[in-house]
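Take a look at the structure below.
The values are calculated or read from the model by the stated rules, or taken from the named source; none is laboratory data. Just so we're clear, the structure is a prediction, and the values are computed from it rather than from any experiment. Note: ideal-geometry Cβ built from the backbone for every residue, glycine included; neighbour counts use all protein chains shown.
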Amino acid sequence: MSSPALSLDNLSHAYGTVQAVAGLSLAVTPGEVVCLLGPSGCGKSTVLRLAAGLEEVQTGRVFINGQLVGAPDLHVPPEGRNIGLVFQDFALFPHLTVCNNVGFGLRMTDTARRRERIMAALGDVGLAHLEQSFPHMLSGGEQQRTALARALAPGPKLVLLDEPFSGLDTRLREQVRDVTVEALRKSGTATLMVTHDAEEAMFMADRIAVMREGRIVQAGTPIDLYRHPASLFVAAFFGELNRLAGTARGGEVETRFGRVPAALADGTRADVVIRPEALRVSLDGEDSGAVPARVVSVHPLGRSTRLVLALEDGARVKARIWGLHHPAADAAVRLALDPAQAFVFPAD
Amino acid sequence: MTDIVQPSPKAFRRPVIDGWTLATAAIAGVIAVPIFVVLSYLLVPTGDIWRHLASTVLPRYVGNTLWLMVGVGTGTLVIGAGTAWLVTLYRFPGRDVLQWALFLPMAVPGYIIAYTYGGLMDFAGPVQSGLRAMLGWGRNDYWFPHIRSLGGATALLTLVLYPYVYLLARAAFTEQSVCVLEASRTLGAGPWRRFFRIGLPLARPALVAGVALALMETLNDLGAMQHLAVDTFTTGIFRTWLGMGQPAAAAQLAAVLLVFVIVLLVLERWSRGGARYHQTSSRYRALPSLRLKGIKAGLAVAACMMPILLGFAIPLGVLIWWAIRSQALGFNARFVTLTVNTVSLGLLAAFLAVLLSLVLAYGTRLRPTPMVRGLTRLASVGYAVPGAVIAVGVMLPFATIDRTIDAWAKAAFGISTGLVLSGTVVAVTFAYLVRFLAISFNAAEASLAKVGRSMDDAGRVLGRHPREILTQIHLPLVRPSLLAAALLVFVDVIKELPATLILRPFNFDTLAIYAYDLARNEQLAEAAAPALAILVAGLGPVILLARSIGRSRPGHIS
């Protein structure tokens, strides 16, 4: 049986009186990319630092490739863990060339083999032509790729990424993300990445673990989390929501858009959560069963168009429709709900 | 999850205290010893000595020292803040040269300006002789300000110490928000009102810190006060120790002086705490320098030229004149030996100071525990403590250790080891470290702080030990700052007089001691050669300062 590349067992960590991590367990198997997703301050960076050995374990255990490397009385320093870490600010050594940065983690004395490894790592991220440059001469994207090559060059079994794309502008981010995923897949390493960007997590991850206040509140494949969020918090993390209040009765909650199935006891107050894309918008008269509404504002976003609509009682809802064809502002429309995309949670 | 817990072979039990913390604590603890030794004399009852001191010399020491502090404090504040305001806010001919030339008097140690003016202004000196010859006066026909007086000493120290205030005031005025000053102009405030109502209050923390530094140097001065016959605590300590051979009494005086210093330190700390409030973002915005014309420009030039002329050009001129006039020029074989001695001491102290500072700063960076922070702060108060006080604090424990070793060696092997520590290069180098470690420590800490923490993390994840990270990542990055710090320590050691005088090995003289001895014997012309050498060395830090000014405000130098 192969052991997970990284296994975190019931980790808790506090800075003074602030509890950063509270009883967290997580495993990453070889070749898998796992994203820790959460708002800033939820403790996800602390988990990464504990895994790397940059923080000493207070409670719980850290295993790398089946070996215990961190426990309250036991600490393998980062230099003894053979892992790769890509920092948010890249942390390239400013006095070393790209080539020497990437070679920094290589402990081989054979210069020919060393150079071969460096060039291979740089080739994987498409930077072979920049080996003699210094970090300050590189663009943000090139710096990020150098940092990735540096982390991968020693051939670690585990790579940790700390918000690796947050320093890049949006346009560059997508391009660098492609290179990163490809290089990680090629190396076959296990990857644990930390991010606050749900879209990024969905793009990169085989599995996502959503963190809140030091705990994992839900873990699963990106599609799982998107389609079956276990809480309002998780649902809200993956995008804008319409939130309707209601009360459970007979396994259902009555909303403006009709009944939605709910596994809640009778009388429980509930939040019905609807993604904007779950509302079907049709022109007035086409869909007599639907709820009448009036278009308040229209925001064409390119691939889709976001609408803000007012219901007859004045309540506002948001809807998203594909393409650029959309009703004009102030137009009368009808709204219908896809019940499969509505989620019901007990109210806070 | 695997059930069998198999610890990694590289795992270790966490030590209670790691090597870096231990090294940091050890260095800081040893450096702080002299200060504690002196402080302990506040508590040691020495009844008779103290009563004797209090009834004889103490009132004079206290009086002179306080008047000196008031005078030098006021003088440096007026000259330093005034010239700093002129060169930062106004444009006038020669401003770009003047703004760094105003640092030049910093290169002149107090005793050297005292020797030059002492020779220049004495009854037999060229000024009075010239006046007498020109006007036909006799000895009692005129009044002439007496340079060998409290007033003379105050004036001369002010002339070489105002750059401390100028340095910090200039930085503070430069960082002041341009908007605030422009707003005050639109509100109709004139230049004087702007200076007193906006500029000065905003720069107050920097000014207090600058004056505190100048006063610490004032308390440290020995050579100038002796030459000008002004009795202060420092000259008192020296006389009581070497002249009267009463170490305990000297230590008591040193302890009282240390209290003065602690007051200054608290004042400085407090003012620096306030400095945080007015950080502004306008660092690189060109200041709206107002162009001065005509008589106003002339007055501004004169105001900035005067301190440079009096505090630097005249002493330098006098020294060159003396050096040329004295036939042997003073540059003889003895001069070469002394230069070698001085440079060796300076290099040794500078090297050790930078090395220890690096360990201290890196140790603090690795484990910034309250204990480590407190210890390093303690180790860096030495810069405020007068050399004579440190000398006393070094001499007392070293002499005790020497006696102990000697007694033990005699008992065990029947041989006398003599002096191992006191009266050797060890003692004087240690005193330099106590006094100047803060300079290199602050530089090391500041430059290490600029290296992002993720650099350390990256290095460790890539398999390097903290020791290797220091040598392979930090050291290359902070090397320029460390070299600059080494230069500062080197020059300060070369200029240092009181501690060297008390602690140097027998027959081991430095340039400063040589100049001091010659001046004591009124062989001022012969003292010119060593004094000139010290002054030229002192130009090193001035050049560093001038360069850092050029760098800190790109686009502002025209």
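Observations on the structure shown:
Here is a yes/no grid of residues against (1) over 23 Å from the mean Cα position of the chain (by Cα); (2) facing another protein chain (nearest Cβ under 9 Å); (3) surrounded by fewer than 23 Cβ atoms within 10 Å (Cβ to Cβ):
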| position | (1), (2), (3) |
| --- | --- |
| A:LEU96 | yes, yes, yes |
| A:MET108 | yes, no, yes |
| A:ASP124 | yes, no, yes |
| A:GLU142 | no, no, yes |
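- Any hit, region A:244-261, residues being assigned to a loop (DSSP other than H, G, I, E, B), under 24 Å from the mean Cα position of the chain (by Cα) and touching a residue at least 60 places away in the same chain (Cβ under 8 Å): no
- The residues of region A:96-112 that are within 23 Å of A:PHE165 (Cα to Cα) and part of a loop (DSSP other than H, G, I, E, B), listed by number, are A:LEU96, A:THR97, A:PHE104, A:GLY105.
- Listed by first and then second residue, the pairs with beta-carbon distance under 7 Å, at least 6 apart or on different chains, first residue in region A:322-342 and within 15 Å of A:ARG243 (Cα to Cα), second assigned to a loop (DSSP other than H, G, I, E, B) and charged (D, E, K, R), are A:GLN341/A:ARG275.
- Within region A:71-86, the set of residues being assigned to a loop (DSSP other than H, G, I, E, B), surrounded by 24 or more Cβ atoms within 10 Å (Cβ to Cβ) and either at the interface with chain B (Cβ under 7 Å from one of its Cβ atoms) or of a type in the set (Val, Ile, Thr) (or both) comprises A:ILE83 only.
- Those residues of region A:1-28 which are away from every other protein chain (no Cβ under 14 Å) and in contact (Cβ under 8 Å) with a residue 24 or more places away in the chain, in sequence order: A:SER12, A:HIS13, A:ALA14, A:GLN19, A:ALA20, A:VAL21, A:ALA22, A:GLY23
- Test: residue in region B:422-437 that is modelled with pLDDT of 90 or more and of a type in the set (D, E, K, R): yes
- Scoring B:SER422 on the criteria (1) over 19 Å from B:VAL343 (Cα atoms); (2) in a helix (DSSP H, G or I) leaves a single failure, condition (2).
- For region B:188-197, a tally of residues being in contact with a helix residue (DSSP H, G or I) (Cβ under 8 Å, 6 or more places away or on another chain), modelled with pLDDT of 75 or more and not charged (D, E, K, R) returns 1.
Okay, residues lined up against (1) over 17 Å from the mean Cα position of the chain (by Cα); (2) closer than 23 Å to B:ALA249 by Cβ:
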site	(1), (2)
B:PRO397	yes, yes
B:THR400	yes, yes
B:GLY418	yes, no
B:SER422	yes, yes
B:TYR432	no, no
B:PHE436	no, no
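- Residue within region B:108-116 that is assigned to a helix (DSSP H, G or I), farther than 25 Å from B:LEU488 by Cα and in contact with a Pro (Cβ under 9 Å, 6 or more places away or on another chain) present: no
- All conditions in (1) closer than 24 Å to B:THR21 by Cα; (2) crowded, with 20+ Cβ neighbours inside 10 Å hold for B:ALA449, with the sole exception of (2).
- Qualifying residue in region A:48-56 (condition: facing chain B (nearest Cβ under 7 Å), within 21 Å of the chain's Cα centre (by Cα), closer than 23 Å to A:SER187 by Cα and crowded, with 23+ Cβ neighbours inside 10 Å): yes
- Residue in region B:130-151 that is in contact (Cβ under 8 Å) with a residue 60 or more places away in the chain and of a type in the set (A, V, I, L, M, F, W, C) present: yes
- A:LEU68 of a type in the set (A, V, I, L, M), farther than 18 Å from A:ASP162 by Cβ, facing chain B (nearest Cβ under 8 Å) and crowded, with 17+ Cβ neighbours inside 10 Å: yes
- Any chance A:ASP266 is under 24 Å from A:PRO229 (Cβ atoms), at pLDDT below 90 and touching a strand residue (DSSP E or B) at 6+ places or on another chain (Cβ under 9 Å): yes
- Residues that are among the aliphatic types (A, V, I, L, M), farther than 14 Å from A:LEU96 by Cβ and within 9 Å of chain A (Cβ to nearest Cβ), drawn from region B:445-468: B:VAL461
- Residue within region B:397-406 that is away from every other protein chain (no Cβ under 14 Å), among the acidic types (Asp, Glu) and either touching a strand residue (DSSP E or B) at 6+ places or on another chain (Cβ under 7 Å) or buried (at least 19 other Cβ atoms within 10 Å of the Cβ) (or both) present: yes
- Looking only at region B:442-472, and only at residues there that are β-branched (Val, Ile, Thr) and within 31 Å of the chain's Cα centre (by Cα), the one that is nearest to A:ALA147 (Cα to Cα): B:VAL451
- Residue that is surrounded by the most Cβ atoms within 10 Å (Cβ to Cβ) [pool: residues in region A:214-242 that are modelled with pLDDT under 90 and of a type in the set (D, E, K, R)]: A:ARG227
- Applying the set (1) more than 10 Å from chain A (Cβ to nearest Cβ); (2) surrounded by fewer than 20 Cβ atoms within 10 Å (Cβ to Cβ); (3) not in a helix (DSSP H, G or I) to B:THR471 leaves exactly one unmet item: (3).
- Taken over region B:239-260, the criterion of being over 22 Å from B:GLY151 (Cα atoms) and crowded, with 20+ Cβ neighbours inside 10 Å is satisfied by B:THR240, B:TRP241, B:ALA249, B:ALA250, B:ALA251, B:GLN252, B:LEU253, B:ALA254, B:ALA255, B:VAL256, B:LEU258.
- Conditions (1) among the hydrophobic types (A, V, I, L, M, F, W, C); (2) under 22 Å from A:ALA121 (Cβ atoms); (3) not in a helix (DSSP H, G or I); number of the one not met by A:LEU24: (2)
- All positions within region B:510-543 that are buried (at least 20 other Cβ atoms within 10 Å of the Cβ) and outside any helix (DSSP H, G or I): B:THR510
- Some residue of region A:277-285 being modelled with pLDDT under 85 and either in contact with a Gly (Cβ under 6 Å, 6 or more places away or on another chain) or hydrophobic (A, V, I, L, M, F, W, C) (or both): yes
- When region A:110-121 is filtered for residues that are closer than 16 Å to A:GLN143 by Cβ and surrounded by fewer than 23 Cβ atoms within 10 Å (Cβ to Cβ), nothing remains.
- Selection status of A:VAL34, modelled with pLDDT of 95 or more and more than 11 Å from every other protein chain (Cβ to nearest Cβ): yes
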